[in-house]
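Everything below concerns the one structure shown next.
All of the numbers you see were taken from the coordinates with simple rules; none came from a lab. Because the structure is a prediction, the values reported are computed rather than measured. Every residue, glycine as well, gets a Cβ built from its backbone with ideal geometry; the counts of neighbours run over all protein chains shown.
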Amino acid sequence: MKIVQIPLLRDNYGYLIVCDKTKNAAIIDPSEADPVLARIDQEQVPLQAILNTHHHRDHTGGNEGILAKHQAEVYGHKSDSGRIHGLSCGVDEGDEIQIGELKGAVLFIPGHTTGHVAYLFENNLFCGDTLFTAGCGRLFEGTPEQMQSSLKKLMTLPDNTKSLLRPRIHREQSALCHVSRAQKSQTGVALRARARLTHARHLHGAFDDRRGETNQPLSALGQQRNSGPRKGGECDNSSRPGFCFCRR
Ligand SMILES: [Zn+2]
């Protein structure tokens, strides 16, 4: 399978996945339409589907514009039929999606929203706003218990699973601090779970940051995290403990 990373909005990505054999394609979480349409034209692939991990606008904002140009099915959790534009294929845990001859699995991972799903194609995990560079997404609708359960589910995936994360560098740099604090907190269950996840399982994928602040695989951040929590002050990212990226 081919994966094309498409910069969207100010600091996001959509992912175009293409079946090697048939060239059928699907776009995952299109925040906006125009860059996606341009890339589809450039790749000259037939768009078969839009895969939304959840209903937030920065994951679905491009649905309408894309559907105006392409006849594509729209996938999302079945409970989000009223919240995802054009949703035609409501899915749930265990469902299978086929793009050309490429088969993917649906994982139901509520927490960030109540209708959040992830898509797993081969060993590539598209997990929306559930997992970021160093942590989980905010709990807009779900409970900490739901998020923890969802993170545990992701931890059961094979070791060679790569998570195609959305960058949000600034947020995640702050989140690294939160992980540190949460590790000391009785209420940071989900954060501790995500810290264990990112530390122990090394679910990562390469990305570059469009503002040029970093251009390195997530594993590099993982290595920085592995140097341990920092006590405070300005971080130089070089000394142990060098966990925190916050300027405070
Ligand atoms: Zn979201």
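In table form, for the structure just shown:
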quantity: Sequence of F132, F126 once ranked by neighbouring C-beta atoms within 10 Å, starting from the fewest; calculated: F132, F126
quantity: Ordering of 155-161, 34-40 by packing [mean C-beta count within 10 Å, highest first]; calculated: 34-40, 155-161
quantity: Separation of the E43 and S88 label points, Cα + 7 Å toward Cβ, nm; calculated: 1.8 nm
quantity: Length-normalised contact order of the range 1-53 in % [C-alpha pairs under 8 Å, at least 6 apart]; calculated: 32 percent
quantity: Distant-in-sequence amide H partners of T53 (H built 1.01 Å from N, under 5 Å); calculated: D29
quantity: Gyration tensor (alpha-carbon) shape descriptor, the range 1-135, a/c threshold 1.5; calculated: rounded
quantity: Local electrostatic count, C89, Cβ distance below 15 Å [Lys/Arg +1, Asp/Glu -1]; calculated: -3
quantity: Charge context of L102, other residues only, Cβ under 9 angstrom, K/R +1, D/E -1; calculated: -1
quantity: For the range 68-85, Karplus couplings with θ = phi - 60° (6.51, -1.76, 1.60), whole Hz, Gly/Pro x; calculated: 5, 10, 10, 8, 10, 6, 10, 9, x, 4, 4, 7, 9, 4, x, 10, 10, 4
quantity: Over 25 Å (Cα to Cα) - which of K23/K152; K2/K162; K103/K152; K23/K153 fall in this group; calculated: K23/K152; K23/K153
quantity: Karplus (6.51, -1.76, 1.60) ³J(HN,Hα), θ = phi - 60°, over the range 119-125, in Hz, Gly and Pro reported as x; calculated: 10, 10, 10, 6, 9, 10, 9
